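Asks: Supplied in C-alpha cells, the structure appears directly below.
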Amino acid sequence: MMGSLTDADDMLQESLLKAWRRIDTFENRAPFRRWLYRIATHTCLNELALRRRPRFLAAQQWSGGAPPLAEIEYLQPYPDRLLGDAADPVARFDMKESVALAFIAVIQLLPPRQRAVLLLRDVLAWSAREVADSLECSIASVNSALQRARCTLRARFESGEPGTRVLSVTDVSEKRLLARFMDAWERSDFNALASLLRKDAILAMPGVAAPEPGSPHVSPTWFRGRAAIIDFLSTVPADGHLEQIRLVPVGSNLQPALAAFIAEPDDGGHRFYGVMVFDIEEGAISAITGFADPGLSDYFGPPSWLPAEQQESAAYGL
C-alpha cells in the first residue's frame, strides 16, 4: 500500500503498537490475522491521507506513453529475502504478480481506498463482505472501488509500455543476461551495454522524497530508447567511468536486480550507491528502474569485499 519499504516498516511498527494497546478489544469473532490486517490497513490509509497525490509532468513531454512512474517519489524496491519462501515455480509466479515493481508502482496511482480494496480482494483473496466489514463500508462500494481499480491497472498494463508486464523468465536466462550486463559495465563497454537493451527500453529513476525538512529532494529522471539510456550511462554515473562502480547481484521484487557501490578514493573502499531493478522481455532488457536512495543500504548492502569498518556499520548483509 505504501510503495516504500521504509514507510512500510514504520507502518508495521505503528500497527503492532496499536494492536498491543487495543488487545482487549479483540473479541475472537474473526481470525486474529484479519484483525491485525484491519488495523494495518487503517493505519496506512490514515498516513496516505496526509500525502499529496503523485504529480506528473505534462504528458506531451513524454513521447508515446502514459506519465512516467518515475514521478512517484515514494517508490522503493523490496528485497526478495524478506518475501519468505517461494521456491515452487508456480507459487513464485503467483507471488510475482503481486510484488513485481510494475504492480507496486501502478497501484500508487490509485486513490488510497481503491488501493486497499484491490490488495485485500485480489492479493489477499478476501471476500467483498470481509473487505466491507474491515473498511466499514457497503459491499456495493467495495465492488465499485474494485472495478475502478482493476480498470486503471488494466489500462496501464495493456498500454504496451516497456516494464509494465509481469513476465515469467527463467532464473537461468536472467542470470546470464545480468552477467553480460555486469561484464560490459565493468569494462565501460557501452556498445555491449546497448546490445543488451531493447530499442524502446526505458530507464526510470524515481525521485527520492526529502527525509526531513530542509534536506534536498532528488528529482525523478526518465529516459526512453537505447540511445538516450547509453548517453546517460556514458556521461553521468561516475562521469561515465562505470568501472568505478561495482555491481553485486541481489533479488528485488522477484526480479533480477543489482546493488551498486561506488569507489571512495580516500580510503580505497566503496560506499552504497543504489539499486537497479530489471525487466526482461524476449531476451533483452526492456526497463531499468534505478534507485539512488542511501536509505536502501540497510536492505541491499554491503557485500563482503568492503572494508571491515564499513561492514560493521551495516545492519544487513546481502
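Asks: Could you name the lysines whose alpha carbon sits less than 23 Å from that of LYS96, not counting residues in the same chain fewer than 8 places away?
Replies: Filter leaves LYS175.
Asks: Say each of SER219 and ASP266 gets a label point 7 Å from the Cα, pointing the same way as Cα to Cβ; how far apart are those two points in nm?
Replies: Modelled inter-label distance: 2.8 nm.
Asks: At 7 Å along Cα-to-Cβ for each site, give me the label-to-label distance between ARG81 and ALA284 in nm.
Replies: Placing both labels 7 Å along Cα→Cβ, they lie 3.5 nm apart.
A short reminder: the numbers here are calculations on the coordinates, not readings from a lab. Owing to the predicted nature of the structure, the values given are computational and were not obtained by experimental measurement. Note that each Cβ is placed from the backbone with ideal geometry, even for glycine, and that neighbours are counted across all protein chains shown.
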